[in-house]
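Worksheet: the structure to be examined is printed underneath.
The values are calculated or read from the model by the stated rules, or taken from the named source; none is laboratory data. This structure is a prediction, so every number in the text was calculated from the model and none was measured. Here the Cβ is made from the backbone with ideal geometry for all residues, glycine too, and neighbour counts use every protein chain on show. Heavy atoms of the whole protein, side chains included, go into the accessibility calculation; ligands, DNA and RNA do not. Shrake-Rupley method; radii C 1.70, N 1.55, O 1.52, S 1.80 Å.
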Amino acid sequence: GETFNAFEDKELRYRHRQLDLIANPDVKEIFRKRARIISSLRKFLDDHSFLEVETPVLQSIYGGASARPFTTHHNTLDQSFYLRIADELYLKRLIIGGFNKVYELAKNFRNEGMDSNHNPEYTSLEYYQAYSDVYEMMDFTESLIKYVSKQVNQIKFEFNGQPINLSKSFNKQSMFDLLKQHAD
């Protein structure tokens with residue numbers, strides 16, 4: 001039951017993930033849970049008639065966020081490109097083009113700081129639905145989160161010392177109401 005010679009240095013663990021997996025078998029469960037989360041996201045969105053798409057990773061003009069992009073060079077075209085910092089603009093173009101529900105589980109890249117909580121390469125989920133408002137999308141997002149939490153058996157947990165119970169209805173408040181409540 002005990003793990004001997006556990007690989008404790010976090011920085012080395014993140015740089016040499018294969019060694020971390022050998023020395024700390026419990027870490028494998030994080031990889032398995034992430035895979036179940038991704039599968040559950042796809043299933044939920046697919047079951048609700050969303051179309052999964054892929055949008056360009058190399059872009060001649062970066063947009064969709066104010067982060068600094070990574071720059072690369074396309075040799076054949078002899079042109080500079082940027083690794084995308086967000087996929088929203090291309091997804092919105094698909095909505096304009098007549099696809100009513102689209103989503104992408106995308107790799108994005110932001111050329112900014114890096115620490116154990118911020119990686120310049122990360123996976124994001126963006127989804128868009130035509131003819132719906134913010135309230136419909138809030139309810140849909142709540143359903144999505146609850147569905148995924150059930151699929152990975154993580155309905156109750158703690159985050160930053162705060163208990164989270166996803167079986168309850170989400171508290172929805174406007175930004176204005178939150179500012180009034182918390183800004184004195």
Pick from the range 77-113, criterion of a type in the set (Val, Ile, Thr) and more than 16 Å from Thr123 (Cβ to Cβ), ranking: least open to solvent (accessible area, probe 1.4 Å) = Val102
Unique residue being surrounded by 11 or more Cβ atoms within 10 Å (Cβ to Cβ), hydrophobic (A, V, I, L, M, F, W, C) and in contact with a His (Cβ under 9 Å, 6 or more places away or on another chain) when the list is Leu58, Leu12, Leu41, Leu51 = Leu58
Determine whether the range 47-55 contains at least one residue that is at pLDDT 90 or above, under 25 Å from Glu112 (Cα atoms), in a loop (DSSP other than H, G, I, E, B) and not hydrophobic (A, V, I, L, M, F, W, C).
-> yes
Among the residues of the range 144-184, the number that are among the aliphatic types (A, V, I, L, M) and over 30 Å from Ile30 (Cβ atoms) is 4
Evaluate the range 23-35: report whether one residue or more is modelled with pLDDT of 90 or more, open to solvent by less than 70 Å² (accessible area, probe 1.4 Å), touching a helix residue (DSSP H, G or I) at 6+ places or on another chain (Cβ under 8 Å) and of a type in the set (S, T, N, Q).
-> no
From (1) among the charged types (D, E, K, R); (2) in a helix (DSSP H, G or I); (3) at pLDDT 90 or above, pick out the condition that doesn't hold for Arg13.
-> (3)
Small (Gly, Ala, Ser), more than 27 Å from Lys43 (Cα to Cα) and surrounded by 12 or more Cβ atoms within 10 Å (Cβ to Cβ), is that true of Ala65?
-> yes
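Table: residues versus (1) over 30 Å from Asn160 (Cα atoms); (2) in contact with an Asp or Glu (Cβ under 8 Å, 6 or more places away or on another chain).
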| residue | (1), (2) |
| --- | --- |
| Ser40 | no, no |
| Phe50 | yes, no |
| Val53 | yes, yes |
| Ala67 | no, yes |
| His74 | yes, no |
| Asp78 | yes, no |
| Phe99 | yes, no |
| Phe109 | no, yes |
| Tyr122 | no, no |
Is it true that some residue in the range 133-151 is surrounded by 10 or more Cβ atoms within 10 Å (Cβ to Cβ) and either part of a loop (DSSP other than H, G, I, E, B) or in contact with a Pro (Cβ under 8 Å, 6 or more places away or on another chain) (or both)?
-> no
